[in-house]
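This report refers to the structure that appears directly beneath it.
What follows is calculated from the coordinates using simple rules that are stated; it is not laboratory data. Source: prediction; values computed, not measured. Because the Cβ atoms are built from the backbone with ideal geometry, glycine has one as well, and the counts that use them run over all protein chains shown.
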Amino acid sequence: MTLEQIQITFVGMEPTEAIKKYVLEKIGKYERLWRESTRLEVYFKEFINSKGVKNDFRVDINVVLPKSNVRVEVTGENMYANIDEASDTLARRLKRYTEKNTYWEGVKPWKVLEADANLKSVEVDETEDDYSDYIPTIAVRKKIEDVGPLEEGEAIERMELLGYDQFLFRSKSTGKISMIYKREQGDYGLIEPADSEV
């Protein structure tokens, strides 16, 4: 992929050559890291409040690589500062991808620990609430990705590269759909479906 093939899209704002040139210059510095990508997209969006006052700018950079996707999103008041921060974050994530790309083949470096039976009990308020009128709101963001089976470590890396707090994947060892999530303590959790007969 070359610099000319990068797709730059402006949403809610006028496209300017200065911003295009600046983002291509910043991303171009790391061309060796994204050269093998199949698609690189940059989205710019301007947020305007109800009074017509310009508030924030958002920069989204999506890089589609052969075995993964890398995504960066930065929001702030200064478009050029957002581009700087997004390109630096993208470079860090792409470096991590290139370092770990060959490492995960056949290697299972992380061990999934079983939950301890002596977990601290949490007191639950047992007041009865009526939730019959409650209708949950569902976000309008839907993602469908075709991802092959992954080890737990690979799923954590993919989650970190995408900047998510949780990641749904098919486990290579069990063949089941599982979810890895980042815990508040800084470590990771794994949720797997139980083996039950229906």
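Could you rank the peptides 14-22, 81-89 by their average count of other C-beta atoms within 10 Å per residue, with the highest value first?
Put in order of decreasing packing, that is 81-89, 14-22.
About the Cα centre, and with charges only on the beta carbon of Lys, Arg (+1) and Asp, Glu (-1), how big is the dipole of segment 152-191? Nearest 20 debye, please.
Roughly 240 debye, rounded to the nearest 20.
Pop out the ³J(HN,Hα) list for segment 18-30 in order, Karplus 6.51 cos²θ - 1.76 cosθ + 1.60 with θ = phi - 60°, rounded to Hz; leave Gly and Pro as x.
4, 5, 4, 4, 5, 5, 5, 5, 5, 6, x, 4, 10
What list of ³J(HN,Hα) couplings, whole Hz, do you get for segment 79-85 from phi and the Karplus terms 6.51, -1.76, 1.60, once you set θ to phi - 60° and write x for glycine and proline?
Each residue's phi maps through the Karplus curve to give 4, 5, 5, 5, 5, 4, 5 Hz.
Along the charge dipole of segment 3-100, which of VAL70, VAL42, VAL59 sits closest to the positive end, that is, farthest toward it, with unit charges on the beta carbon of Lys, Arg, Asp and Glu (+1, +1, -1, -1)?
VAL70
Which ³J(HN,Hα) values, rounded to whole Hz and listed in residue order, are derived for segment 5-10 from phi using the Karplus coefficients 6.51, -1.76 and 1.60 in 6.51 cos²θ - 1.76 cosθ + 1.60 with θ = phi - 60°, glycine and proline given as x?
Once θ is set to phi - 60°, the couplings for segment 5-10 become 8, 5, 8, 10, 10, 10 Hz.
Taking the Cβ-Cβ separation of LYS182 and GLU46 as r and a Förster radius of 45 Å, what is the calculated FRET efficiency to the nearest 0.05?
After rounding, the FRET efficiency stands at 0.90.
Taking the Cβ of PHE169 as the centre, find all other residues whose Cβ is under 12 Å away and add up their charges (Lys, Arg: +1; Asp, Glu: -1).
-3
Please list, in chain and number order, the residues 5+ apart from SER178 or on another chain whose amide H is under 5 Å from its amide H, with Hs placed from the backbone.
HN-HN under 5 Å from SER178: PHE169, ARG170, SER171.
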